[in-house]
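Working notes for the structure below.
The values are calculated or read from the model by the stated rules, or taken from the named source; none is laboratory data. Values in this document were obtained by computation on a predicted structure and should not be read as measured data. No Cβ is skipped: glycine too gets one built from the backbone with ideal geometry, and neighbour counts run over all protein chains shown. We work out accessible area using only protein heavy atoms, side chains counted, and drop any ligands, DNA or RNA first. Shrake-Rupley method; radii C 1.70, N 1.55, O 1.52, S 1.80 Å.
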Amino acid sequence: MTDSVSRTYRSVPGISTRAWEHPADRAALVALRNLKGFDTVLKAISSLLRERQHRLLFLASGVRVDDRQFPHLNDLLADCVRVLDAPSTPELYVVQDPTVNAMTIGMDRPFIVINTGLLELLDEEEQRFVVGHELGHAMSGHAVYRTMLMHLLRLAGSFGWVPIGGWALRAIVAALMEWQRKSELSGDRAGLLCVQDPDVAMRVHMKTAGGTKISEMDTQRFLAQAAEYERTGDLRDGVLKLLNLELQSHPFSVLRAADLNRWVERGDYGRIVGGEYPQRADDDKASAADEFRTAARGYKEGFDASADPLITTLRDFGSSAVNTVGQGVTDVATGMGRKIDEWRRNSQRKQDGTGSE
């Protein structure tokens with residue numbers, strides 16, 4: 001067994017994925033999990049077609065990790081499964097690709113793929129963070145719900161009677177990409193729970209931004225870049241930031257590091273490793289209304305605290321209007337969550353035979 005795994009990492013038995021999911025990610029996931037049946041059908045279709053195709057592709061072109069192939073990764077994965085108390089162990093493949101990347105694929109049986117470019121960039125502890133990150137994706141079911149939304153998006157676009165024009169479609173895609181970026185922040189938190197060392201997590205983001213020469217970089221200066229990025233420039237820079245981010249599937253490395261650092265400083269990470277976290281057994285009781293309200297409040301607080309020149313101008317332009325809009329977003333989000341909760345309760349009553357047809 002490797003030195004990394006021989007070190008004792010505190011496990012979090014029975015932990016719900018809600019513990020590490022970013023509020024915006026968690027709200028969408030709780031809502032979609034309440035739509036019983038849709039994900040089951042989608043999983044069945046995926047397992048019969050594309051998922052099987054992708055698994056066969058990596059089975060034929062990559063190296064499947066086990067106790068004799070990349071055994072150190074096999075040990076890392078097994079220990080991350082123990083730490084996060086994952087209900088199953090996903091397959092893990094290594095592929096020869098210089099691109100610095102890892103991904104989780106599949107809905108029925110998710111599996112993890114890590115490129116050699118990423119392995120060569122990171123040391124063993126940093127690889128543990130990546131494995132935990134991808135395991136977090138698998139446990140949250142991100143592949144299931146991302147695929148569901150993309151199918152719904154394509155379905156809506158295929159019907160002429162649906163009033164989706166170019167700009168409306170672009171807005172929907174932008175919203176989906178925003179959710180995906182937030183899911184990457186969720187994965188980072190799962191990775192930190194596995195590696196249990198914020199400095200290791202920071203090193204991963206520093207290396208993905210600046211390469212292997214970590215001795216030439218400084219964590220505090222690196223995090224300071226995020227603050228400078230947010231407050232610098234004028235209105236043009238604010239618009240350019242939005243354009244730069246619009247089609248990005250992942251947040252930029254500097255901003256990911258800053259978000260994870262804020263999560264630690266708020267005390268969320270410390271509470272979880274100390275044993276204070278939501279239980280998986282209570283997931284069915286999670287309220288979509290509450291989660292949407294939390295997500296909306298988080299966006300509004302971020303808006304109010306932002307030093308971005310575009311946001312600052314909008315805020316200064318009319319604080320009352322902003323507050324009205326912010327409250328409106330919260331009300332709409334809460335209303336959506338309540339409708340989903342009501343739909344779930346009514347469906348459950350019908351299944352139990354206690355509701356009217």
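For the reader, a short list of remarks on this structure follows.
- Verdict on ALA102 being open to solvent by less than 30 Å² (accessible area, probe 1.4 Å) and free of Cβ contacts under 8 Å to residues at least 40 places away in the same chain: yes
- Hits in the stretch 53-86 - residues which are at pLDDT below 95 and under 24 Å from the mean Cα position of the chain (by Cα): HIS54, ARG55, PHE58
- Sole exception among (1) at pLDDT below 90; (2) open to solvent by 80 Å² or more (accessible area, probe 1.4 Å); (3) within 30 Å of ARG271 (Cβ to Cβ); (4) within 21 Å of the chain's Cα centre (by Cα) for THR89, by number: (1)
- Taken over the stretch 187-221, the criterion of being polar (S, T, N, Q) and farther than 27 Å from PRO13 by Cα is satisfied by THR208, THR212, SER215, THR219, GLN220.
- Within the stretch 213-233, considering residues that are part of a helix (DSSP H, G or I), touching a helix residue (DSSP H, G or I) at 6+ places or on another chain (Cβ under 9 Å) and of a type outside the set (A, V, I, L, M), the one surrounded by the most Cβ atoms within 10 Å (Cβ to Cβ): PHE222
- Scan of the stretch 132-143 for residues that are touching a residue at least 40 places away in the same chain (Cβ under 8 Å), assigned to a helix (DSSP H, G or I) and more than 11 Å from VAL204 (Cβ to Cβ), ordered by number: GLU134, LEU135, GLY136, HIS137, ALA138, MET139, SER140, HIS142
- Selection within the stretch 1-31: residues that are at pLDDT below 65 and among the hydrophobic types (A, V, I, L, M, F, W, C). The member of this set that is nearest to the chain's Cα centre (by Cα) is VAL5.
- Of all residues making up the stretch 92-121, the number that are among the aromatic types (Phe, Trp, Tyr) and modelled with pLDDT of 95 or more: 1
- Close contacts from the stretch 55-82, counting a first residue that is in a strand (DSSP E or B) and a second that is open to solvent by less than 80 Å² (accessible area, probe 1.4 Å) and not polar (S, T, N, Q), with Cβ to Cβ under 7 Å and a gap of 6+ residues or different chains, come to VAL63/PHE70; VAL63/TYR93; VAL63/VAL94; ARG64/GLU91; ARG64/TYR93.
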